[in-house]
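Just below is one structure, and these are the notes that go with it.
Where a number appears in this text, it was derived from the coordinates with a stated rule and is not lab data. As the structure is a prediction and not an experimental result, all values here were calculated from the model. So basically every Cβ, Gly included, is an ideal-geometry build from the backbone, and we count neighbours across all protein chains shown.
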Amino acid sequence: MTIQAAGALLEGCVLALLSKGEAYGYSLAQQARKALGVSESTLYPVMRRLQTGGCLTTRDEQFNGRNRRYYSITAQGRDRCRACRDEWLDFKNRVEDILLEGGND
């Protein structure tokens, strides 16, 4: 899998996590780390890219004297999430066709 494809999949996963509701950065990073094994240093650039692309919005809130940045998915982000899901299902089906059909020799 190319680095570009992996990045697109990670974007889709972030959008899917946020489609369940708003989350602050650290919490979102922990969810992604637990599910996918990716580090915060991998995830934060993805979140910035999605924000710059109009798929996420942010708001800052003080919590125990520290700033928390909360991320929310936009309508454009929901559309991108659906597109990522469709692309993933198509890719997964093609790989399964090759692996499962080709493995029956």
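Observations on the structure shown:
- Label sites at residue 92 and residue 30, each approximated as a point 7 angstrom past Cα along Cα to Cβ, lie 2.7 nm apart.
- Modelled spin labels at residue 82 and residue 19, positioned 7 Å past Cα toward Cβ, are 0.9 nm from each other.
- Summed residue charge, Cβ within 11 Å of residue 50's Cβ, Lys/Arg positive, Asp/Glu negative: +2
- Packing here is the average count of other Cβ atoms within 10 Å per residue, and on that basis the peptides 70-78, 9-17, 90-98, highest first, run 9-17, 70-78, 90-98.
- Taking the longest Cα principal axis of the chain as reference, the axis of helix 25-36 is set at about 20 degrees.
- Spin-label zone in the range 43-64 - amide nitrogen under 19 Å from a point set 7 Å from the Cα of residue 6 along the C-beta vector: 43-50
- Against the chain, whose longest principal axis comes from its Cα atoms, helix 3-18 is set at around 60 degrees.
- The Cβ shell under 13 Å around residue 83 holds other residues with a net charge of -1, Lys and Arg each +1, Asp and Glu each -1.
- Using alpha carbons only: equivalent-ellipsoid semi-axes of the chain, gyration tensor based, whole Å: 31, 15, 11
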